[in-house]
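Notes follow once the structure below has been shown.
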Amino acid sequence: MTAFLGPLDSTGSIPPQQQTRVAAFLVSAHGALARQLAFTLLQPIKAGWQTELNAQFYRESEIVSLLLRATSWVVDPELLMLAASWEAAWLPRPVRGLSDRFLASAIDTAALGHAVHGAIRPAALLPDKALAEDPFVMALRRIEFESGRIIQAQILFLKGQDLLPYRDAVNAAVDERHRQVRDLWDTMLKSIGVEGQAKANDPGSRL
Amino acid sequence: MPYLAHGSYRIRYELEGADDGPIYVLVNGLTQYAELWAGYRSALVARGFGVATFDLLGQGASDKPSLFISQDDQVAALGLLIDQLGRRPVFLGGISFGGLIALRYAIAHSDRLAGLVAMSSFAELSPQLLLLGNALRTGLILGGTSYLQDLLLPMNLSDAWLGPQLGNLEAVKRQGWLTNDVYALQNLMESFLDFKPLTGQLGAITVPTMILNGEFDFLTPRSLHESLRIHIPDSALVIIPRAYHAFTLEKAELTTDLLARFADGVLAGKWKGGKSVWIAPEEAGGPLVPFPSDQDHLRAIPRATEPA
(Lines give C-alpha, C1' and ligand atoms only; values in the text may rest on other atoms or scores of the structure.)
Protein backbone atom coordinates (compact mmCIF):
# COMPACT_ATOMS: atom_id res chain seq x y z
CA MET A 1 0.00 0.00 0.00
CA THR A 2 1.43 3.38 -1.00
CA ALA A 3 0.27 6.97 -0.60
CA PHE A 4 0.28 7.63 -4.35
CA LEU A 5 -1.07 6.14 -7.55
CA GLY A 6 1.30 3.84 -9.41
CA PRO A 7 3.78 2.36 -9.91
CA LEU A 8 3.84 4.22 -13.21
CA ASP A 9 3.89 2.05 -16.34
CA SER A 10 6.75 2.01 -18.87
CA THR A 11 5.42 5.15 -20.58
CA GLY A 12 5.26 7.05 -17.28
CA SER A 13 1.45 6.92 -17.07
CA ILE A 14 -0.83 5.92 -14.22
CA PRO A 15 -1.89 2.25 -14.72
CA PRO A 16 -5.22 2.11 -16.64
CA GLN A 17 -6.86 -0.04 -13.93
CA GLN A 18 -6.22 2.72 -11.37
CA GLN A 19 -7.27 5.42 -13.83
CA THR A 20 -10.53 3.60 -14.46
CA ARG A 21 -11.44 3.14 -10.80
CA VAL A 22 -10.50 6.72 -9.79
CA ALA A 23 -12.23 8.27 -12.80
CA ALA A 24 -15.36 6.17 -12.29
CA PHE A 25 -15.65 7.37 -8.70
CA LEU A 26 -15.16 11.00 -9.69
CA VAL A 27 -17.62 10.74 -12.60
CA SER A 28 -20.18 9.27 -10.23
CA ALA A 29 -19.69 11.98 -7.55
CA HIS A 30 -19.47 14.99 -9.87
CA GLY A 31 -22.21 13.59 -12.09
CA ALA A 32 -24.50 13.37 -9.07
CA LEU A 33 -23.72 16.98 -8.18
CA ALA A 34 -24.43 18.06 -11.77
CA ARG A 35 -27.81 16.28 -11.68
CA GLN A 36 -28.74 17.90 -8.39
CA LEU A 37 -27.70 21.32 -9.68
CA ALA A 38 -29.75 20.81 -12.83
CA PHE A 39 -32.88 20.66 -10.67
CA THR A 40 -32.03 23.91 -8.89
CA LEU A 41 -31.69 25.68 -12.25
CA LEU A 42 -35.42 25.20 -12.77
CA GLN A 43 -36.07 27.72 -9.98
CA PRO A 44 -35.80 31.50 -10.42
CA ILE A 45 -32.60 33.09 -9.13
CA LYS A 46 -33.46 35.28 -6.14
CA ALA A 47 -30.22 35.51 -4.15
CA GLY A 48 -26.76 36.48 -5.35
CA TRP A 49 -25.15 33.19 -4.40
CA GLN A 50 -27.62 31.34 -6.63
CA THR A 51 -25.89 32.77 -9.69
CA GLU A 52 -23.04 30.43 -8.78
CA LEU A 53 -25.34 27.44 -9.24
CA ASN A 54 -25.51 28.03 -12.97
CA ALA A 55 -21.71 28.14 -13.23
CA GLN A 56 -21.39 25.14 -10.96
CA PHE A 57 -23.70 23.02 -13.09
CA TYR A 58 -21.50 23.59 -16.11
CA ARG A 59 -18.26 23.09 -14.18
CA GLU A 60 -19.47 19.77 -12.77
CA SER A 61 -20.55 18.72 -16.25
CA GLU A 62 -17.15 19.76 -17.60
CA ILE A 63 -15.38 17.62 -14.98
CA VAL A 64 -17.43 14.60 -16.02
CA SER A 65 -16.80 15.27 -19.71
CA LEU A 66 -13.07 15.77 -19.11
CA LEU A 67 -12.73 12.50 -17.21
CA LEU A 68 -14.63 10.57 -19.87
CA ARG A 69 -12.17 11.82 -22.48
CA ALA A 70 -8.87 11.93 -20.54
CA THR A 71 -9.02 8.52 -18.85
CA SER A 72 -7.50 5.35 -20.30
CA TRP A 73 -10.52 3.17 -19.58
CA VAL A 74 -10.29 -0.61 -19.17
CA VAL A 75 -12.95 -3.20 -18.42
CA ASP A 76 -13.52 -3.39 -14.66
CA PRO A 77 -16.33 -5.80 -13.74
CA GLU A 78 -16.29 -4.74 -10.09
CA LEU A 79 -17.39 -1.27 -11.13
CA LEU A 80 -20.98 -2.46 -11.53
CA MET A 81 -21.30 -3.12 -7.81
CA LEU A 82 -19.14 -0.20 -6.76
CA ALA A 83 -20.96 2.34 -8.91
CA ALA A 84 -24.30 1.19 -7.54
CA SER A 85 -23.11 1.72 -3.97
CA TRP A 86 -21.67 5.14 -4.83
CA GLU A 87 -24.85 6.28 -6.56
CA ALA A 88 -26.89 5.18 -3.56
CA ALA A 89 -24.65 7.23 -1.28
CA TRP A 90 -25.25 10.44 -3.23
CA LEU A 91 -29.03 10.23 -2.81
CA PRO A 92 -30.56 13.04 -0.72
CA ARG A 93 -30.37 12.51 3.02
CA PRO A 94 -32.44 14.10 5.76
CA VAL A 95 -30.83 16.83 7.85
CA ARG A 96 -31.52 16.26 11.52
CA GLY A 97 -33.04 19.15 13.41
CA LEU A 98 -34.67 20.88 10.44
CA SER A 99 -38.38 20.74 9.72
CA ASP A 100 -38.24 22.85 6.54
CA ARG A 101 -37.83 20.12 3.91
CA PHE A 102 -36.81 22.47 1.09
CA LEU A 103 -34.12 24.08 3.24
CA ALA A 104 -32.95 20.69 4.49
CA SER A 105 -32.64 19.48 0.92
CA ALA A 106 -30.60 22.55 -0.09
CA ILE A 107 -28.31 22.07 2.91
CA ASP A 108 -27.76 18.40 2.10
CA THR A 109 -26.97 19.18 -1.52
CA ALA A 110 -24.48 21.86 -0.47
CA ALA A 111 -23.01 19.55 2.18
CA LEU A 112 -22.42 16.84 -0.43
CA GLY A 113 -20.80 19.40 -2.73
CA HIS A 114 -18.60 20.67 0.11
CA ALA A 115 -17.49 17.13 0.89
CA VAL A 116 -16.80 16.13 -2.73
CA HIS A 117 -14.81 19.31 -3.41
CA GLY A 118 -13.14 19.52 0.01
CA ALA A 119 -12.44 15.98 1.13
CA ILE A 120 -11.38 14.54 -2.21
CA ARG A 121 -7.95 15.62 -3.44
CA PRO A 122 -7.26 13.67 -6.63
CA ALA A 123 -4.09 15.60 -7.54
CA ALA A 124 -2.57 14.73 -4.16
CA LEU A 125 -2.54 11.10 -5.33
CA LEU A 126 -0.12 11.84 -8.14
CA PRO A 127 3.45 10.68 -7.60
CA ASP A 128 6.29 13.14 -8.02
CA LYS A 129 7.35 11.59 -11.30
CA ALA A 130 3.92 11.55 -12.95
CA LEU A 131 4.14 12.99 -16.46
CA ALA A 132 2.89 16.57 -16.28
CA GLU A 133 1.56 16.43 -19.85
CA ASP A 134 -0.32 13.15 -19.41
CA PRO A 135 -4.07 13.78 -20.03
CA PHE A 136 -5.19 11.89 -16.92
CA VAL A 137 -2.63 13.70 -14.75
CA MET A 138 -3.72 17.05 -16.14
CA ALA A 139 -7.36 16.15 -15.58
CA LEU A 140 -6.80 15.29 -11.90
CA ARG A 141 -4.87 18.52 -11.36
CA ARG A 142 -7.57 20.54 -13.05
CA ILE A 143 -10.35 18.89 -11.04
CA GLU A 144 -8.61 19.59 -7.74
CA PHE A 145 -7.86 23.17 -8.74
CA GLU A 146 -11.44 23.79 -9.86
CA SER A 147 -12.79 22.16 -6.69
CA GLY A 148 -11.08 24.87 -4.62
CA ARG A 149 -13.15 27.44 -6.51
CA ILE A 150 -16.40 25.53 -6.88
CA ILE A 151 -16.58 24.88 -3.14
CA GLN A 152 -16.84 28.63 -2.51
CA ALA A 153 -20.54 28.71 -3.35
CA GLN A 154 -21.19 25.95 -0.84
CA ILE A 155 -19.08 27.76 1.77
CA LEU A 156 -20.94 31.03 1.22
CA PHE A 157 -24.29 29.30 1.56
CA LEU A 158 -23.44 26.98 4.46
CA LYS A 159 -21.61 29.65 6.48
CA GLY A 160 -24.02 32.46 5.52
CA GLN A 161 -26.17 34.53 7.84
CA ASP A 162 -29.37 32.78 6.72
CA LEU A 163 -28.22 29.47 8.19
CA LEU A 164 -26.72 30.82 11.42
CA PRO A 165 -29.82 29.82 13.43
CA TYR A 166 -29.27 26.23 12.26
CA ARG A 167 -25.50 26.19 12.70
CA ASP A 168 -25.34 22.94 14.70
CA ALA A 169 -27.58 21.09 12.26
CA VAL A 170 -25.62 22.43 9.28
CA ASN A 171 -22.29 21.51 10.87
CA ALA A 172 -23.50 18.02 11.61
CA ALA A 173 -24.83 17.55 8.06
CA VAL A 174 -21.56 18.69 6.48
CA ASP A 175 -19.38 16.65 8.85
CA GLU A 176 -21.51 13.59 8.10
CA ARG A 177 -21.21 14.05 4.33
CA HIS A 178 -17.44 14.53 4.72
CA ARG A 179 -17.17 11.28 6.66
CA GLN A 180 -19.25 9.44 4.09
CA VAL A 181 -17.36 10.76 1.08
CA ARG A 182 -13.97 10.18 2.71
CA ASP A 183 -14.89 6.61 3.63
CA LEU A 184 -16.04 5.79 0.10
CA TRP A 185 -13.01 7.48 -1.47
CA ASP A 186 -10.58 5.70 0.86
CA THR A 187 -12.25 2.33 0.32
CA MET A 188 -11.99 2.81 -3.43
CA LEU A 189 -8.32 3.83 -3.14
CA LYS A 190 -7.49 0.82 -0.98
CA SER A 191 -9.06 -1.41 -3.62
CA ILE A 192 -6.35 -0.26 -6.05
CA GLY A 193 -3.49 -0.44 -3.55
CA VAL A 194 -3.40 3.19 -2.48
CA GLU A 195 -3.42 4.30 1.13
CA GLY A 196 -6.45 6.46 1.96
CA GLN A 197 -6.19 10.21 2.41
CA ALA A 198 -8.14 10.35 5.68
CA LYS A 199 -5.08 9.86 7.88
CA ALA A 200 -6.60 11.99 10.60
CA ASN A 201 -9.28 9.35 10.99
CA ASP A 202 -6.70 6.69 11.69
CA PRO A 203 -7.67 5.19 15.05
CA GLY A 204 -4.21 5.68 16.53
CA SER A 205 -3.55 5.96 20.23
CA ARG A 206 -5.80 8.52 21.80
CA LEU A 207 -5.85 10.21 25.21
CA MET B 1 0.60 8.49 16.18
CA PRO B 2 -0.88 9.88 19.44
CA TYR B 3 -4.00 12.03 19.49
CA LEU B 4 -5.76 14.25 21.99
CA ALA B 5 -9.54 14.41 21.97
CA HIS B 6 -11.19 17.84 21.86
CA GLY B 7 -14.91 17.15 21.71
CA SER B 8 -15.46 15.10 18.57
CA TYR B 9 -12.19 16.34 17.05
CA ARG B 10 -8.74 14.83 17.36
CA ILE B 11 -5.45 16.66 17.69
CA ARG B 12 -2.31 14.89 16.52
CA TYR B 13 0.71 15.62 18.73
CA GLU B 14 4.23 14.42 19.44
CA LEU B 15 6.35 14.45 22.58
CA GLU B 16 10.11 14.06 22.62
CA GLY B 17 12.75 14.13 25.32
CA ALA B 18 12.71 13.31 29.02
CA ASP B 19 9.45 12.76 30.93
CA ASP B 20 10.32 15.45 33.45
CA GLY B 21 12.19 18.74 33.53
CA PRO B 22 11.48 21.79 31.41
CA ILE B 23 9.62 21.37 28.15
CA TYR B 24 8.96 23.56 25.14
CA VAL B 25 5.52 23.50 23.51
CA LEU B 26 5.74 24.87 19.97
CA VAL B 27 2.72 26.13 18.03
CA ASN B 28 2.62 26.14 14.21
CA GLY B 29 1.97 29.05 11.91
CA LEU B 30 -1.21 29.00 9.85
CA THR B 31 0.08 27.12 6.80
CA GLN B 32 2.50 24.92 8.74
CA TYR B 33 2.49 21.42 10.22
CA ALA B 34 4.26 19.84 13.19
CA GLU B 35 7.05 18.18 11.18
CA LEU B 36 8.49 21.62 10.45
CA TRP B 37 9.71 21.67 14.08
CA ALA B 38 11.71 18.44 13.61
CA GLY B 39 15.06 20.24 13.82
CA TYR B 40 13.96 22.03 16.99
CA ARG B 41 12.98 18.75 18.61
CA SER B 42 16.39 17.18 18.27
CA ALA B 43 18.33 20.35 19.12
CA LEU B 44 16.26 21.25 22.19
CA VAL B 45 16.24 17.66 23.46
CA ALA B 46 20.04 17.68 23.17
CA ARG B 47 20.06 20.74 25.43
CA GLY B 48 17.95 19.05 28.09
CA PHE B 49 14.44 20.12 27.14
CA GLY B 50 11.40 18.07 26.32
CA VAL B 51 9.57 19.21 23.19
CA ALA B 52 5.84 18.97 22.40
CA THR B 53 4.55 19.78 18.92
CA PHE B 54 1.11 19.31 17.40
CA ASP B 55 -1.05 20.08 14.40
CA LEU B 56 -3.67 22.73 15.09
CA LEU B 57 -7.28 21.93 14.25
CA GLY B 58 -7.51 22.18 10.47
CA GLN B 59 -3.84 21.36 9.91
CA GLY B 60 -1.81 18.31 8.97
CA ALA B 61 -2.97 15.09 10.60
CA SER B 62 -5.32 16.72 13.12
CA ASP B 63 -9.02 16.74 12.32
CA LYS B 64 -10.19 19.42 9.92
CA PRO B 65 -13.57 20.82 10.95
CA SER B 66 -15.53 21.26 7.76
CA LEU B 67 -17.03 24.71 8.28
CA PHE B 68 -15.94 26.58 11.39
CA ILE B 69 -12.75 26.64 13.46
CA SER B 70 -12.70 29.07 16.34
CA GLN B 71 -9.52 30.39 17.90
CA ASP B 72 -11.02 29.46 21.28
CA ASP B 73 -11.00 25.83 20.14
CA GLN B 74 -7.33 26.14 19.19
CA VAL B 75 -6.52 27.56 22.64
CA ALA B 76 -8.52 24.75 24.25
CA ALA B 77 -6.63 22.15 22.21
CA LEU B 78 -3.32 23.71 23.25
CA GLY B 79 -4.57 23.63 26.85
CA LEU B 80 -5.28 19.90 26.57
CA LEU B 81 -1.73 19.28 25.44
CA ILE B 82 -0.22 21.40 28.23
CA ASP B 83 -2.47 19.78 30.83
CA GLN B 84 -1.12 16.36 30.06
CA LEU B 85 2.47 17.49 30.57
CA GLY B 86 2.08 17.55 34.35
CA ARG B 87 3.65 20.18 36.60
CA ARG B 88 7.00 20.48 34.83
CA PRO B 89 8.12 23.97 33.75
CA VAL B 90 6.41 24.70 30.44
CA PHE B 91 7.84 27.19 27.95
CA LEU B 92 5.35 28.04 25.25
CA GLY B 93 6.47 29.30 21.85
CA GLY B 94 4.42 30.12 18.79
CA ILE B 95 5.10 31.54 15.34
CA SER B 96 2.73 33.97 13.61
CA PHE B 97 -0.81 32.51 13.91
CA GLY B 98 0.65 30.08 16.46
CA GLY B 99 2.09 33.07 18.33
CA LEU B 100 -1.38 34.56 18.52
CA ILE B 101 -2.77 31.30 19.91
CA ALA B 102 0.11 31.18 22.41
CA LEU B 103 -0.62 34.77 23.49
CA ARG B 104 -4.28 33.93 23.99
CA TYR B 105 -3.34 30.91 26.10
CA ALA B 106 -0.86 32.95 28.16
CA ILE B 107 -3.45 35.66 28.81
CA ALA B 108 -5.79 33.07 30.33
CA HIS B 109 -3.29 30.65 31.89
CA SER B 110 -0.05 32.41 32.78
CA ASP B 111 0.01 30.33 35.96
CA ARG B 112 0.64 27.20 33.87
CA LEU B 113 3.67 28.63 32.10
CA ALA B 114 7.29 29.25 33.04
CA GLY B 115 7.88 31.43 30.01
CA LEU B 116 6.47 32.59 26.68
CA VAL B 117 8.16 33.16 23.33
CA ALA B 118 6.09 35.10 20.79
CA MET B 119 7.65 34.87 17.33
CA SER B 120 6.48 36.99 14.37
CA SER B 121 3.33 37.55 16.43
CA PHE B 122 0.62 40.14 16.83
CA ALA B 123 -2.20 41.03 19.19
CA GLU B 124 -4.14 43.24 16.81
CA LEU B 125 -4.88 43.46 13.10
CA SER B 126 -3.34 46.63 11.78
CA PRO B 127 -4.92 47.91 8.54
CA GLN B 128 -1.96 46.51 6.60
CA LEU B 129 -2.20 43.10 8.23
CA LEU B 130 -5.98 43.00 7.81
CA LEU B 131 -5.74 43.82 4.11
CA LEU B 132 -2.84 41.44 3.55
CA GLY B 133 -4.81 38.70 5.29
CA ASN B 134 -7.82 39.40 3.07
CA ALA B 135 -5.64 39.33 -0.05
CA LEU B 136 -4.00 36.06 1.00
CA ARG B 137 -7.44 34.52 1.58
CA THR B 138 -8.56 35.65 -1.87
CA GLY B 139 -5.36 34.19 -3.30
CA LEU B 140 -6.13 30.88 -1.62
CA ILE B 141 -9.69 30.88 -2.98
CA LEU B 142 -8.72 31.77 -6.54
CA GLY B 143 -5.41 29.96 -6.85
CA GLY B 144 -5.42 27.22 -4.24
CA THR B 145 -2.78 26.29 -1.67
CA SER B 146 -0.01 26.39 -4.25
CA TYR B 147 -0.70 30.03 -5.11
CA LEU B 148 -0.89 30.95 -1.41
CA GLN B 149 2.54 29.36 -0.99
CA ASP B 150 3.79 31.33 -4.00
CA LEU B 151 2.73 34.53 -2.25
CA LEU B 152 4.08 33.62 1.16
CA LEU B 153 7.51 32.31 0.15
CA PRO B 154 8.93 35.59 -1.24
CA MET B 155 7.11 37.62 1.42
CA ASN B 156 8.47 35.64 4.35
CA LEU B 157 11.92 34.38 3.38
CA SER B 158 15.11 36.16 2.36
CA ASP B 159 16.88 36.23 -0.99
CA ALA B 160 19.76 34.41 0.71
CA TRP B 161 17.45 31.48 1.45
CA LEU B 162 15.34 31.63 -1.71
CA GLY B 163 18.21 32.00 -4.18
CA PRO B 164 19.63 28.49 -3.88
CA GLN B 165 16.08 27.05 -3.82
CA LEU B 166 14.81 28.68 -7.01
CA GLY B 167 15.15 25.51 -9.06
CA ASN B 168 13.61 23.41 -6.31
CA LEU B 169 10.62 25.43 -5.15
CA GLU B 170 8.00 22.88 -6.21
CA ALA B 171 9.67 20.28 -3.99
CA VAL B 172 9.87 22.82 -1.15
CA LYS B 173 6.14 23.49 -1.48
CA ARG B 174 5.03 19.91 -2.02
CA GLN B 175 4.75 18.64 1.57
CA GLY B 176 2.82 21.73 2.69
CA TRP B 177 0.57 21.40 -0.35
CA LEU B 178 -0.05 17.71 0.33
CA THR B 179 -0.70 18.27 4.02
CA ASN B 180 -3.01 21.26 3.90
CA ASP B 181 -6.51 21.34 2.39
CA VAL B 182 -7.92 24.52 0.82
CA TYR B 183 -11.17 24.53 2.79
CA ALA B 184 -9.33 23.90 6.07
CA LEU B 185 -6.83 26.72 5.46
CA GLN B 186 -9.75 28.95 4.55
CA ASN B 187 -11.47 28.04 7.81
CA LEU B 188 -8.29 28.92 9.72
CA MET B 189 -8.12 32.29 7.95
CA GLU B 190 -11.81 32.93 8.54
CA SER B 191 -11.30 32.42 12.27
CA PHE B 192 -10.23 36.08 12.12
CA LEU B 193 -13.65 37.27 10.93
CA ASP B 194 -14.76 37.89 14.52
CA PHE B 195 -11.29 38.72 15.84
CA LYS B 196 -11.07 41.26 18.65
CA PRO B 197 -7.73 42.87 19.54
CA LEU B 198 -5.95 41.31 22.51
CA THR B 199 -3.87 44.38 23.26
CA GLY B 200 -5.85 45.38 26.33
CA GLN B 201 -5.47 41.90 27.81
CA LEU B 202 -1.71 41.53 27.35
CA GLY B 203 -1.08 42.84 30.86
CA ALA B 204 -2.48 39.55 32.15
CA ILE B 205 0.62 37.77 30.84
CA THR B 206 2.70 37.62 33.99
CA VAL B 207 5.45 35.24 32.85
CA PRO B 208 8.82 36.17 31.34
CA THR B 209 8.19 36.79 27.65
CA MET B 210 10.69 36.94 24.82
CA ILE B 211 9.36 38.58 21.65
CA LEU B 212 11.25 37.62 18.50
CA ASN B 213 10.90 39.79 15.41
CA GLY B 214 12.76 39.49 12.12
CA GLU B 215 14.57 42.68 11.15
CA PHE B 216 12.80 42.76 7.77
CA ASP B 217 9.48 41.13 8.72
CA PHE B 218 7.05 42.53 6.18
CA LEU B 219 3.90 40.64 7.19
CA THR B 220 4.03 41.47 10.91
CA PRO B 221 6.36 44.47 11.15
CA ARG B 222 8.09 45.94 14.19
CA SER B 223 5.10 48.06 15.25
CA LEU B 224 3.02 44.97 15.99
CA HIS B 225 5.80 43.51 18.13
CA GLU B 226 6.29 46.85 19.83
CA SER B 227 2.69 46.67 21.00
CA LEU B 228 3.49 43.31 22.62
CA ARG B 229 6.64 44.72 24.25
CA ILE B 230 4.85 47.73 25.69
CA HIS B 231 1.88 45.83 27.10
CA ILE B 232 3.47 42.61 28.40
CA PRO B 233 5.03 43.53 31.74
CA ASP B 234 8.05 41.18 31.88
CA SER B 235 8.97 41.27 28.21
CA ALA B 236 12.00 41.80 26.02
CA LEU B 237 11.96 42.39 22.28
CA VAL B 238 14.75 40.65 20.37
CA ILE B 239 15.33 41.70 16.76
CA ILE B 240 16.80 38.99 14.54
CA PRO B 241 19.21 40.44 11.97
CA ARG B 242 18.45 39.96 8.27
CA ALA B 243 15.40 37.85 9.09
CA TYR B 244 11.89 37.91 7.64
CA HIS B 245 8.58 36.60 8.97
CA ALA B 246 9.42 32.89 8.66
CA PHE B 247 12.75 32.98 10.49
CA THR B 248 11.93 29.78 12.39
CA LEU B 249 12.35 28.01 9.05
CA GLU B 250 15.25 30.04 7.74
CA LYS B 251 17.28 30.49 10.91
CA ALA B 252 16.39 27.39 12.87
CA GLU B 253 19.78 26.98 14.54
CA LEU B 254 19.86 30.57 15.78
CA THR B 255 16.23 30.46 16.91
CA THR B 256 16.73 27.19 18.77
CA ASP B 257 19.71 28.70 20.55
CA LEU B 258 17.67 31.76 21.54
CA LEU B 259 14.85 29.56 22.86
CA ALA B 260 17.24 27.45 24.93
CA ARG B 261 19.10 30.48 26.33
CA PHE B 262 15.85 32.21 27.24
CA ALA B 263 14.55 29.18 29.13
CA ASP B 264 17.91 28.58 30.83
CA GLY B 265 17.96 32.20 31.93
CA VAL B 266 14.44 32.06 33.33
CA LEU B 267 15.09 28.80 35.19
CA ALA B 268 18.34 30.19 36.63
CA GLY B 269 16.54 33.34 37.82
CA LYS B 270 18.74 35.50 35.58
CA TRP B 271 16.06 36.68 33.14
CA LYS B 272 15.45 40.42 33.18
CA GLY B 273 12.76 41.50 30.74
CA GLY B 274 12.10 45.08 31.67
CA LYS B 275 10.53 45.77 28.26
CA SER B 276 14.07 45.98 26.92
CA VAL B 277 15.10 45.82 23.26
CA TRP B 278 17.94 43.62 22.02
CA ILE B 279 19.67 42.62 18.80
CA ALA B 280 20.18 38.90 18.35
CA PRO B 281 23.51 37.60 17.08
CA GLU B 282 23.91 36.69 13.43
CA GLU B 283 24.85 33.13 14.39
CA ALA B 284 23.87 30.78 17.20
CA GLY B 285 25.98 31.23 20.32
CA GLY B 286 26.88 34.86 19.72
CA PRO B 287 26.10 37.61 22.24
CA LEU B 288 22.81 39.48 22.36
CA VAL B 289 23.49 43.21 22.18
CA PRO B 290 21.26 45.89 23.71
CA PHE B 291 19.65 48.05 21.02
CA PRO B 292 21.35 51.47 21.22
CA SER B 293 19.28 53.45 23.69
CA ASP B 294 19.70 56.67 21.71
CA GLN B 295 18.26 55.16 18.52
CA ASP B 296 14.66 54.47 17.55
CA HIS B 297 14.20 50.70 17.07
CA LEU B 298 10.97 51.29 15.13
CA ARG B 299 12.78 52.99 12.26
CA ALA B 300 14.99 51.57 9.53
CA ILE B 301 16.68 54.93 9.07
CA PRO B 302 18.84 55.87 12.08
CA ARG B 303 16.83 58.30 14.14
CA ALA B 304 17.40 59.51 17.67
CA THR B 305 14.82 58.27 20.14
CA GLU B 306 12.00 60.76 20.53
CA PRO B 307 11.54 62.03 24.09
CA ALA B 308 8.73 60.22 25.91
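So that you can scan it fast, the table gives a plain yes or no per residue for (1) outside any helix (DSSP H, G or I); (2) free of Cβ contacts under 8 Å to residues at least 24 places away in the same chain; (3) small (Gly, Ala, Ser); (4) within 11 Å of chain A (Cβ to nearest Cβ):
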{"position": "B:125", "(1), (2), (3), (4)": "yes, no, no, no"}
{"position": "B:134", "(1), (2), (3), (4)": "no, yes, no, no"}
{"position": "B:142", "(1), (2), (3), (4)": "no, yes, no, yes"}
{"position": "B:152", "(1), (2), (3), (4)": "no, no, no, no"}
Residue check, residue A:121 within 12 Å of another protein chain (Cβ to nearest Cβ) and free of Cβ contacts under 8 Å to residues at least 40 places away in the same chain: no
Any strands (runs of 3 or more DSSP E) falling wholly within the stretch B:1-103 and containing at least 3 residues that are within 12 Å of chain A (Cβ to nearest Cβ) and within 29 Å of residue A:178 (Cα to Cα): B:3-6, B:9-16
Positions within the stretch B:178-217 being under 16 Å from the mean Cα position of the chain (by Cα) and among the small types (Gly, Ala, Ser), in sequence order: B:214
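Quick grid of which residues meet (1) surrounded by 13 or more Cβ atoms within 10 Å (Cβ to Cβ); (2) closer than 15 Å to residue A:25 by Cα:
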site	(1), (2)
A:37	yes, no
A:43	no, no
A:56	yes, no
A:63	yes, yes
A:67	yes, yes
A:75	no, yes
Among the residues listed as B:220, B:255, the single one being among the polar types (S, T, N, Q), under 21 Å from residue B:289 (Cβ atoms) and under 13 Å from the mean Cα position of the chain (by Cα): B:255
Given (1) away from chain B (no Cβ under 11 Å); (2) at pLDDT 95 or above, number of the condition residue A:196 does not satisfy: (2)
Long-range neighbours under 6 Å by Cβ, at least six apart or interchain, first residue away from every other protein chain (no Cβ under 11 Å) within the stretch A:135-146, second among the polar types (S, T, N, Q): A:136/A:19; A:136/A:71
Filter result (at the interface with another protein chain (Cβ under 8 Å from one of its Cβ atoms) and either surrounded by fewer than 23 Cβ atoms within 10 Å (Cβ to Cβ) or out of contact with any helix residue (DSSP H, G or I) (no Cβ under 7 Å at 6 or more places or on another chain) (or both)) within the stretch A:156-190: A:159, A:167, A:171, A:175
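For every residue, the table says whether it meets (1) part of a helix (DSSP H, G or I); (2) within 17 Å of residue A:185 (Cβ to Cβ).
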site: A:69; (1), (2): yes, no
site: A:72; (1), (2): no, no
site: A:83; (1), (2): yes, yes
site: A:91; (1), (2): no, no
site: A:94; (1), (2): no, no
site: A:97; (1), (2): no, no
site: A:102; (1), (2): yes, no
site: A:105; (1), (2): yes, no
Extreme residue, surrounded by the most Cβ atoms within 10 Å (Cβ to Cβ), among residues of the stretch B:158-173 that are farther than 20 Å from residue B:241 by Cβ and charged (D, E, K, R): B:173
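Could you look through the stretch B:127-172, keep only residues that are among the polar types (S, T, N, Q) and closer than 21 Å to residue B:251 by Cα, and pick out the one that is modelled with the lowest pLDDT?
Step by step, filter the stretch B:127-172, then rank; the result is B:168.
The rows are residues; the columns are (1) away from chain A (no Cβ under 14 Å); (2) buried (at least 16 other Cβ atoms within 10 Å of the Cβ); (3) not in a helix (DSSP H, G or I); (4) not small (Gly, Ala, Ser).
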site: B:178; (1), (2), (3), (4): no, yes, no, yes
site: B:201; (1), (2), (3), (4): yes, yes, no, yes
site: B:206; (1), (2), (3), (4): yes, no, yes, yes
site: B:223; (1), (2), (3), (4): yes, no, no, no
Single condition residue B:185 does not satisfy, out of (1) loosely packed, with under 15 Cβ neighbours inside 10 Å; (2) within 12 Å of another protein chain (Cβ to nearest Cβ); (3) in contact (Cβ under 8 Å) with a residue 24 or more places away in the chain: (1)
The stretch B:159-188: number of residues that are of a type in the set (A, V, I, L, M, F, W, C) and farther than 23 Å from residue A:174 by Cα: 8
The stretch A:23-54: number of residues that are in contact (Cβ under 8 Å) with a residue 12 or more places away in the chain and either of a type in the set (A, V, I, L, M, F, W, C) or in a loop (DSSP other than H, G, I, E, B) (or both): 14
Test: residue B:286 is surrounded by fewer than 16 Cβ atoms within 10 Å (Cβ to Cβ) and in a loop (DSSP other than H, G, I, E, B): yes
For residue A:101: the one exception among (1) crowded, with 16+ Cβ neighbours inside 10 Å; (2) more than 8 Å from every other protein chain (Cβ to nearest Cβ): (1)
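The values are calculated or read from the model by the stated rules, or taken from the named source; none is laboratory data. Every value quoted in this text rests on a predicted model; they were computed, and no experiment measured them. Don't worry about glycine lacking a Cβ; one is built from the backbone with ideal geometry, like all the others, and counts go over all protein chains shown.
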